[in-house]
Amino acid sequence: MTNTSSLDSSALKPRLFDINYHRRQTLLSFALLLPAAAAVLILIVYPLYQVLDISFRDGKVMNFARIGELPLGFGNYARVLTDPLFWRSTLNSALYVGGSVGGAFLVGLGTALLLNKQLPGNRILRTIVLIPWAVPGVIVAIMFLWVLDGSFGVFNAMLRSLGLLQGEMPWFVDSRTSLLAVVLPTIWKTYPLITLTILAALQSIPKELYEAANVDGATNPQQFGYITWPGIQTASFLVIMISALGVFRDVDIIFATTGGGPAHATETLALYVYKEAFHYFRMGTATAVGTLMIAAAFLIAVSMAALARRSKF
């Protein structure tokens, strides 16, 4: 037996060493990727599978461990798609994401163009610009609750001093202004990332292009249209996509300021999911909306990536 096993092992050794160098490198590469692939499966793929599976479970249980025992069906999706509040939340989400990201992009673009100039204290200004990004959303919400307070808020005091407002204006309580009131703090928190991304893109544009444009007599709008915008276009689309996805799923500012009110005027899809899951314990409905949100986020990402690929510079 000993002689046979030694013969077998001696026969295997040459086979192992016969493996060529590239094949061993390939095996090594797969071996190194294996932990990352396992992490992706455990942390991303399996939770997504669970969300998708629960979204097809009809019924309501208080014990989450028994959700898998509920029958499969499309009842949750039918209930969601026929719920007027879901469509109102969808419209609110579109307005909230569009207003927040659009406003943040304009502020971020203006700030980046300003910081790209040779100004005294430029490094300190760049650090100050980053501060809103580091502030937690709940703290931002509390700040703006004070700023936009109907009686003692700074914003109302400014409007009164300019003669634009008489009396009190409860921005977060009035259904006509509450969505605007939650968009403003989101813009304040979102614009620093856009500023930094566009500023990095601006600094990669060769200065010789501007020198040549000045020699040719190009105006500032022409320089922006033919040099600056093509130079920052790709970065702009990418940061808009990242910001839009972040705002789309965020719930902290709205939850801390209005809670989705008044009369669902500021209730977005993210808050709709939260209420379905933890107020009414309808996990199937909540995961169905979550699945639809994932699909919407995927469409946003694909469309913005397509726009970014079209840019030429």
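So here's what we get for this one:
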{"quantity": "Axial C-alpha extent at least 27 Å, average Kyte-Doolittle at least -1.0 - helices from the chain (DSSP)", "calculated": "21-40, 84-115, 178-202, 229-249, 283-310"}
{"quantity": "Proximal charge balance of G150 [Cβ under 12 Å; K/R count +1, D/E count -1]", "calculated": "-2"}
{"quantity": "Efficiency of FRET between T219 and T177 - r from beta-carbon atoms, R0 45 angstrom, step 0.05", "calculated": "0.70"}
{"quantity": "Candidate aspartates and glutamates - alpha carbon under 18 Å from K189, same-chain residues fewer than 8 apart omitted", "calculated": "D250, D252"}
{"quantity": "With all protein chains modelled, accessible area of V51 [1.4 Å, Å²]", "calculated": "50 Å²"}
{"quantity": "Sum of side-chain charges, A265 neighbourhood, beta-carbon under 11 Å (Lys, Arg +1; Asp, Glu -1)", "calculated": "0"}
{"quantity": "Surface share of carbon and sulfur [accessible, 1.4 angstrom probe, percent] for segment 83-184", "calculated": "73 percent"}
{"quantity": "Relative contact order of the chain, pairs being alpha-carbon contacts under 8 Å that are 6 or more residues apart, as %", "calculated": "26 percent"}
{"quantity": "Computed FRET value (nearest 0.05) for S161 with A31, which takes r as the C-beta separation and R₀ as 51 Å", "calculated": "0.15"}
{"quantity": "Segment 267-313 versus segment 241-261: alpha-carbon centroid distance in Å", "calculated": "12 Å"}
{"quantity": "Accessible surface of F155 - all protein chains present, 1.4 Å probe, nearest 10 Å²", "calculated": "70 Å²"}
{"quantity": "Trypsin sites (Lys or Arg not before Pro) restricted to segment 147-227 and DSSP loop, no more than 10 other C-beta within 10 Å", "calculated": "R176"}
{"quantity": "Net +/- balance of residues flanking S89 in space, Cβ distance below 11 Å, scoring K and R +1, D and E -1", "calculated": "-1"}
{"quantity": "Relative contact order %, segment 151-300, counting alpha carbon pairs below 8 Å whose residues are six or more apart", "calculated": "23 percent"}
{"quantity": "Helix-only [θ]222 nm of the chain, DSSP H runs n ≥ 4, -39500 (n - 2.57) each, per residue, nearest 500", "calculated": "-23000 deg cm²/dmol"}
{"quantity": "Most to least accessible of S178, S151 (protein chains only, probe 1.4 Å)", "calculated": "S151, S178"}
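The values are calculated or read from the model by the stated rules, or taken from the named source; none is laboratory data. Small disclaimer: the values here were computed from a predicted structure and weren't measured. Ideal geometry is used to build each Cβ from the backbone, glycine not excepted, and the neighbour counts take in all protein chains shown. SASA here: full protein model, heavy atoms, side chains in, ligands and nucleic acids out. Shrake-Rupley method; radii C 1.70, N 1.55, O 1.52, S 1.80 Å.
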